[in-house]
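Please read the structure below before turning to the comments.
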Amino acid sequence: MAGKRRAKRTTQGVEDLSKPSKWRLQHGGFSEPIREADPETGTPVQHRRAVDTLGLMLANGSITPEMHESGCIFRTLFRSAAIDGMPTSQLLRLPGAMADGVSDRQLDARRRLAAALDALGGHGSPAGSCAWFVVGLECSIREWAMRRGWAGRPVHGPVAQGILVAALGMLAMHFGLTPRSRAA
């Protein structure tokens, strides 16, 4: 099976899972189209639902509510920092060298995001890389594990999920959602 591309049958044909897809973002993908009546007008509508991995992990008990909240905080900071396509080396620039158009809110979000990444061991660490790509950029766990992984090496699915759980636990502690435990 080595060398073959993975494919998934969809209603529009076959999707190549080895290529990036904007529809697989947000920690999963989209459901098949659902037809139902619009609650306001009663007319039939068709829509898709986004799959949220953090929400699914919370629902099945893989993560705690505090871990879920820490992922939401990280994602909000990431969006507020407006760094979707920016290389990580430009997360914080020297004072006075800021480009025009960067708001105080964006600057504060970038500082808080940099502190959170430091708490995870930096962007190059497994937890930092997973948080950046899976929680921040909203790639699926599978896509991060196959394409990025840690240090550019693929990571097995269960290991990738474990890295995400560990990263969320560290973020929960960093954001003050869970107390730091004392060594006995």
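Read-outs throughout are calculated quantities, based only on the coordinates presented, and are distinct from any laboratory measurement. These numbers were taken from a predicted model, which means no experiment stands behind them. Ideal geometry is used to build each Cβ from the backbone, glycine not excepted, and the neighbour counts take in all protein chains shown.
The table below lists the values:
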{"read-out": "FRET efficiency for Ser80 and Asn60, using Cβ-Cβ distance with R0 set to 35 Å, rounded to 0.05", "value": "0.75"}
{"read-out": "Sorted by Cβ density within 10 Å, fewest first, the residues Thr76, Thr178", "value": "Thr76, Thr178"}
{"read-out": "Stretchable slack from Arg147 to Val159, in nm (0.36 nm times residue separation minus alpha-carbon distance)", "value": "2.9 nm"}
{"read-out": "Distance in nm between pseudo-label sites at Ala166 and Ile34 (7 Å out along the Cβ direction from Cα)", "value": "3.6"}
